[in-house]
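Peer 1: Before I ask anything, let me first share the structure, which is written out below as structure tokens.
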Amino acid sequence: MTTEPTAPSLPRAPLGDPQLRRLVMGQGLAAVVDALFLIWLTLFVLELSEPGIATGLVLLAVALPRAVLLLPAGVLVDRVGPARITAVAAWLRVAVLLTLATLVTFTPPSVATVALLAGLLGAADAAYFPGALALLPAVVPTGKLARVNALVQGAESTGDLVGPAVAAGAVAAVGFEATLGGIAAMAALAAVALSTLTRPVRHGQSAAEDTKDGNTEDGDTRARDRDGAGPDVFDGDQLGNARALAAGLRYAWHQPLVRGMLAAVALINITVVGPVLVGGAVLADQRLGGAGSLGVVLSGFGAGSLVGSLLAGWRPPARRGWTVVGGVAAIGAGMAGLAAVTQVVAATAVLSLIGLGSGFLGVVIVATLQERVPRHLLGRVLSLVVLATVAFDPFSYVLAGLLLPYGTTTLFLLCGSAVLACAALVAAIPAIRSLR
């Protein structure tokens with residue numbers, strides 16, 4: 001007689017522990033806040049000034065500190081510990097949002113003031129993103145990492161999917177002040193939830209959970225990871241900040257698995273973001289009946305990303321390496337397929353495929369790195385993942401601008417071919433190909 005005691009519990013396993021529920025709620029709310037605030041900020045700056053350079057400068061004020069400070073923030077995460085950094089960054093976000101809400105309510109702020117506060121929010125994001133990613137393996141048992149990542153990234157995809165409509169609708173219904181107040185309240189709830197994780201992580205409950213869940217890490221590894229940070233040691237030496245950053249970069253470069261995944265993420269970001277947004281707008285105007293169809297088409301990407309994230313969590317692939325290769329190839333095929341679409345339905349379906357591959361890859365790659373990168377280097381490596389995700393957007397827009405004069409067909413075929421070539425290169429890396 002055989003029993004399978006674990007099978008019935010799998011669907012509810014990720015949220016079976018109160019600590020995991022607080023983690024998912026905190027990071028999920030934070031992702032939704034990001035999506036809502038970006039739309040609010042864009043609409044508010046347009047209200048303050050005529051459409052033009054002011055909007056771009058304010059959005060640049062968010063993006064620039066985030067990109068510049070990401071790698072130093074990764075060092076800080078490894079030094080101080082992900083739980084503390086994530087909590088501090090979450091509360092800094094709340095403080096900035098409340099300050100901006102007060103100014104908006106009592107005195108119309110200048111564009112320069114909004115840009116300054118947006119820059120502070122970008123700095124908080126630089127610390128929050130690698131801290132939040134590194135916090136997961138400090139709290140979540142290894143066997144549940146993919147599922148919890150799926151829930152968090154699913155919340156992010158949901159925010160991207162419904163955020164524009166919700167934020168714009170709220171501004172139209174209750175005004176800028178009340179909408180920002182609601183966003184700040186959500187950010188405060190996220191900060192409260194994330195702050196409750198500092199004490200459990202510091203006292204090593206994650207290691208106990210791993211042991212209880214059958215994790216067979218050796219005692220030295222559990223002791224090193226107990227506070228989610230570990231000693232900042234590389235090759236046996238205590239490192240200064242600059243050398244610690246260099247150590248993280250060397251580790252990422254010399255590990256084929258990490259190097260290949262980072263390269264894939266960066267290339268996909270460069271060849272997809274700009275071409276889809278800029279080239280998609282031109283495609284909608286030229287072939288799909290007008291620019292108004294762009295929103296419908298992009299919603300396909302958001303829906304596909306949400307489904308891909310959830311699938312990766314609930315059905316973790318048995319052959320993870322080939323799944324990464326297949327995900328990259330699916331994105332490349334989708335980009336090339338955009339060259340041939342002439343109807344809204346077809347374009348939406350193709351963007352859904354690209355979103356599906358992106359969402360699936362996001363969960364698989366992040367969970368793989370969380371599991372395999374030494375804990376004392378995790379903040380630095382994950383800061384590189386975030387950098388590869390967000391820092392190349394300007395280059396992607398430039399690429400789209402350079403190729404668009406040759407037509408959308410050329411743009412999508414070249415970008416799709418580049419991603420397909422990346423899939424072949426990833427498949428040629430034994431460390432990724434054999435990954436399970």
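The values are calculated or read from the model by the stated rules, or taken from the named source; none is laboratory data. None of the values given here were measured: they were computed from a predicted structure. Because the Cβ atoms are built from the backbone with ideal geometry, glycine has one as well, and the counts that use them run over all protein chains shown. What goes into the accessible areas is simple: the full protein's heavy atoms, side chains included, and nothing from ligands, DNA or RNA. Shrake-Rupley method; radii C 1.70, N 1.55, O 1.52, S 1.80 Å.
Peer 1: If we only count helices (runs of 4 or more DSSP H) wholly inside the range 240-324, which ones have 2 or more residues that are modelled with pLDDT of 85 or more and either open to solvent by 70 Å² or more (accessible area, probe 1.4 Å) or among the small types (G, A, S) (or both)?
Peer 2: Filter on the range 240-324 gives 241-254, 256-274, 293-314.
Peer 1: Okay, next question. Against the condition on the phi < 0 side of the Ramachandran plot, open to solvent by 20 Å² or more (accessible area, probe 1.4 Å) and β-branched (V, I, T), how does V139 come out, does it pass?
Peer 2: The answer is no for V139.
Peer 1: Which residues, taken from the range 335-349, are touching a helix residue (DSSP H, G or I) at 6+ places or on another chain (Cβ under 6 Å), over 14 Å from T410 (Cα atoms) and assigned to a helix (DSSP H, G or I)?
Peer 2: V344, A347, T348
Peer 1: Output yes when any residue across the range 71-90 is at pLDDT 90 or above, in contact with a Phe, Trp or Tyr (Cβ under 7 Å, 6 or more places away or on another chain) and of a type in the set (V, I, T), and no when none is.
Peer 2: Yes, because at least one residue in the range 71-90 is at pLDDT 90 or above, in contact with a Phe, Trp or Tyr (Cβ under 7 Å, 6 or more places away or on another chain) and of a type in the set (V, I, T).
Peer 1: While we're on this one: Kindly evaluate A112 against the criterion of being in a helix (DSSP H, G or I), open to solvent by 10 Å² or more (accessible area, probe 1.4 Å), free of Cβ contacts under 8 Å to residues at least 60 places away in the same chain and over 11 Å from V62 (Cβ atoms).
Peer 2: In short, yes.
Peer 1: Quick one: in the range 142-166, which of the residues that are touching a residue at least 60 places away in the same chain (Cβ under 8 Å) and of a type in the set (G, A, S) is most open to solvent (accessible area, probe 1.4 Å)?
Peer 2: Selected residue: G143.
Peer 1: Further, regarding this structure: Need at least 1 residues that are among the charged types (D, E, K, R) and surrounded by fewer than 24 Cβ atoms within 10 Å (Cβ to Cβ) per element, so show me which helices (runs of 4 or more DSSP H) inside the range 350-428 make the cut, counting only ones lying wholly within it.
Peer 2: Once the helices (runs of 4 or more DSSP H) in the range 350-428 are filtered for at least 1 residues that are among the charged types (D, E, K, R) and surrounded by fewer than 24 Cβ atoms within 10 Å (Cβ to Cβ), what remains is 393-403.
Peer 1: State all residues of the range 339-349 that are under 25 Å from the mean Cα position of the chain (by Cα) and either on the phi > 0 side of the Ramachandran plot or modelled with pLDDT under 90 (or both); if no residue qualifies, say none.
Peer 2: If the condition is that a residue be under 25 Å from the mean Cα position of the chain (by Cα) and either on the phi > 0 side of the Ramachandran plot or modelled with pLDDT under 90 (or both), then A347, T348 are the ones that fit.
Peer 1: Here is a follow-up. Looking at G169, G159, G163, which is the one that is under 30 Å from L46 (Cβ atoms) and at pLDDT 85 or above?
Peer 2: G169
Peer 1: So T211 passes all but one of these: (1) modelled with pLDDT of 60 or more; (2) surrounded by fewer than 18 Cβ atoms within 10 Å (Cβ to Cβ); (3) out of contact with any Leu (no Cβ under 7 Å at 6 or more places or on another chain). Which condition number does it fail?
Peer 2: The one condition T211 does not meet is (1).
Peer 1: Same structure again: Would you point out the residue of the range 325-349, among those that are closer than 21 Å to V363 by Cα and of a type outside the set (A, V, I, L, M, F, W, C), that is surrounded by the fewest Cβ atoms within 10 Å (Cβ to Cβ)?
Peer 2: Here the residue is G326.
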